[in-house]
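Input: a single structure, listed below in structure tokens.
Every read-out reported here was derived from the displayed coordinates using simple, explicitly stated rules and does not represent laboratory data. Predicted model, so just to flag it, every value in this text is computed and none were measured. Every residue, glycine among them, receives a Cβ derived from its backbone with ideal geometry; neighbour counts consider all protein chains shown.
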Amino acid sequence: MEKFTPAFLLEAENIMTKEIKKIGIVGAGQMGGGIAHVSALAGYDVYINDLTPDVINAGIASVEGNLARQVSSEKISSEDRDAALAKLHAANDMQDLADCDLVIEAASENEAIKRQIYNSVCPVLKPGAILATNTSSISITRMASSTDRAEQFIGIHFMNPVPVMKLVEIVRGIATDDETFEAARNYVDRLGKIYAVSEDFPGFMVNRILIPMINEAIYTLYEGVGSVESIDTSLRLGANHPMGPLQLADFIGLDTCLSIMQVLHDGLSDTKYRPCPLLVKYVEAGWLGKKSGRGFYDYRGEEPVPTR
């Protein structure tokens, strides 16, 4: 006698069978490179795209360097490194992403730039491809509406640095279908990371909590309550944080911190999310943190030195 399978179980089976083999990443910077790194180590074929071949090649070279460091620290074997490097490919043209099952946009935290990428990549994607964003704060629902595949659009927010941090936030837009959601969860599982599912609200979970704390630390500095060094020491030793909030802001990038605070302030209309004027001033000065050489610390010497 033929076994009867209820329709809802058949549907669940179908959801689980969507397989991701090829991954495209648009953005070869720190985040895009990190996502490429862990995806290639997990056995995915990875195609990296950016504005120019030079930027793409620099991103791949950075991944190679990070893999070499993992071999030196015995976190992975040389065989693992070689297998991962064989999975990395330069996608010098958007057309090179046409056969990808999942494309992850990892551009800067600027909605206009992200929409430009979707306008360029959507026409070349195959009908079943999933489009994801690594945004840390911007509405998934709103960005999905600007694509041709809102049901197959999802937020997969990695933490920085990607190879080290275990958490990934998965964020569904209002139109994201179950098949896309399950495929995203399976992908994160295969990377060996832990996912947390967030509702699509400004800042999601991690940055809704973290960035206002950093902003408050900047206000504490701005109002003269403490120096850079004393604020960071207080949080490291008083709250057992691995690094102080101002040092962390420099690591994240002060421009990124400001962008997220602006998203929170605009999206939630609460004065508690108002960016500190000192944060705005540092960004205007081009003091963006570690990546620019100066932020709350000056990184141009042998040791970081507080700038205030």
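Identify all lysines with a Cα-Cα distance to K281 below 20 Å; exclude those on the same chain that are fewer than 8 residues away in sequence.
K272, K290, K291
Check the straight Cα-Cα distances from K126 and name the lysines below 16 Å, setting aside those fewer than 8 residues away within the same chain.
Output for K126: K18, K21, K22.
What does the helix-only formula give at 222 nm for the chain: each DSSP H stretch with n ≥ 4 adding -39500 (n - 2.57), the total divided by the residues, and the result rounded to the nearest 500 deg cm²/dmol?
-14000 deg cm²/dmol
Multiplying the sequence separation of L167 and R300 by 0.36 nm and subtracting their Cα-Cα distance, what value in nm do you get?
Separation in residues times 0.36 nm, less the Cα-Cα distance, equals 44.8 nm.
From the residues L237, S137, L51, which one has its Cα farthest along the dipole of the chain in the positive direction, the dipole being from +1 and -1 charges on Cβ of Lys/Arg and Asp/Glu about the Cα centre?
Sorting the options by dipole projection puts first L237.
Place the peptides 52-60, 152-160 in order of packing, highest mean first, counting for every residue the other Cβ atoms within 10 Å and averaging per peptide.
Peptide ranking by packing, descending: 152-160, 52-60.
Report the GluC sites (Glu not before Pro) located in region 217-294 that are in a DSSP loop and have at most 11 other Cβ atoms inside 10 Å of their Cβ, or state none. Walk me through the numbers before you get to the answer.
On the way: sites: E223, E229, E284; in loops: E223.
Taking region 217-294 and a limit of 11 other Cβ atoms within 10 Å, the loop GluC sites (Glu not before Pro) found are E223.
Loop-only check: which trypsin sites (Lys or Arg not before Pro) in region 134-221 are DSSP coil with at most 13 other Cβ within 10 angstrom?
In loop regions of region 134-221 (DSSP not H, G, I, E or B), the sparsely surrounded trypsin sites (Lys or Arg not before Pro) are K166.
Would you mind getting me the FRET efficiency between E223 and D178? Use the beta-carbon distance for r and R0 = 51 Å, nearest 0.05.
E between E223 and D178, to the nearest 0.05, is 0.60.
For the chain, which DSSP H helices look membrane-span-like by this rule: Cα extent along the axis of 27 Å or more and mean Kyte-Doolittle of at least 0.0?
On the way: long enough: 53-72 (28 Å, 0.24).
Long hydrophobic helices here: 53-72.
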